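Worksheet: the structure to be examined is printed underneath.
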Amino acid sequence: MAFNIVLVEPEIPNNTGNIGRLSLASGSVLHLVKPFGFELSDARLKRAGLDYWQHIRVKIYESLDEFLALNTDKDMVFLSTAAKKSYVSIDYKDDLFFVFGKESVGLPKDLVADNSDKLFKIPILSPHVRSLNLANAVSIVVEVS
């Protein structure tokens, strides 16, 4: 099953590089929504993605509005710590879009509010942890099958 991994305004090149490697391993397409907190030529991005980066299927969008307009008919789920439902209840299907927010603040509040029925989280059992590293969160949610 191939998926679509969407990073809205990613800030940390190492995370994006690692997620790129995961997208290649899982047969997924990586969608990157600007603005980025780094340049795509950043050595840290390439180092985290190793020599795989040239093989990764990447689509780049100038804004969240552009991404949503071009993919309006796609099945999407949104990952947020604000969600009530666990990611284990996601109906996994081919070509599903997993949408993740930026490392510092997550998804935009209006996007979360508009998609509450498609909002999922990774349960965190410790009260001392606010959220997981983005690359770790993506790897938990995306099944390699």
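Just so it is clear, none of the values below were taken in a lab; they were calculated from the coordinates. From a predicted model like this one, the values you see are computed outputs, not experimental measurements. FYI the Cβ positions are ideal-geometry reconstructions off the backbone, even for glycines, and counts take in every protein chain you see.
Pull up the cross-link candidates among the lysines for Lys59, meaning alpha carbon to alpha carbon under 28 Å and not fewer than 8 places away within one chain. Partners within reach: Lys34, Lys46, Lys74, Lys93, Lys102, Lys109, Lys118, Lys121.
Helix 13-26 and the long axis of the chain differ in direction by around 80°, with both axes built from C-alpha atoms. For the range 1-43, what's the relative contact order in percent, using C-alpha pairs closer than 8 Å and at least 6 residues apart? In percent, rounded to a whole number, it is 55. With neighbours defined as other Cβ atoms within 10 Å of a residue's Cβ, the residues Thr16, Thr72 order from fewest to most as Thr72, Thr16. Exposure proxy shown here: for Ser28, Ser41, Ser86, Ser80, the number of other Cβ atoms within 10 Å sets the order, fewest to most, as Ser41, Ser86, Ser80, Ser28.
Once R0 is set to 22 Å, what does the formula 1/(1 + (r/R0)^6) return for the Cβ-Cβ distance between Leu132 and Lys84, expressed as a FRET efficiency to the nearest 0.05? Show your work: numbers first, answer last.
Numbers: r = 17 Å, r/R0 = 0.79.
Taking R0 as 22 Å, the efficiency between Leu132 and Lys84 is 0.80.
Once the dipole of the range 4-141 is set up with Lys and Arg at +1 and Asp and Glu at -1 on Cβ about the Cα centre, which of Ser104, Ile122, Ala83 lies farthest towards its positive end? So the residue furthest toward the plus end is Ile122. How would the chain be classified by its alpha-carbon gyration tensor: rounded, prolate or oblate, with rounded meaning a/c under 1.5 and the a/b versus b/c comparison settling the rest? Here the chain falls in the rounded category.
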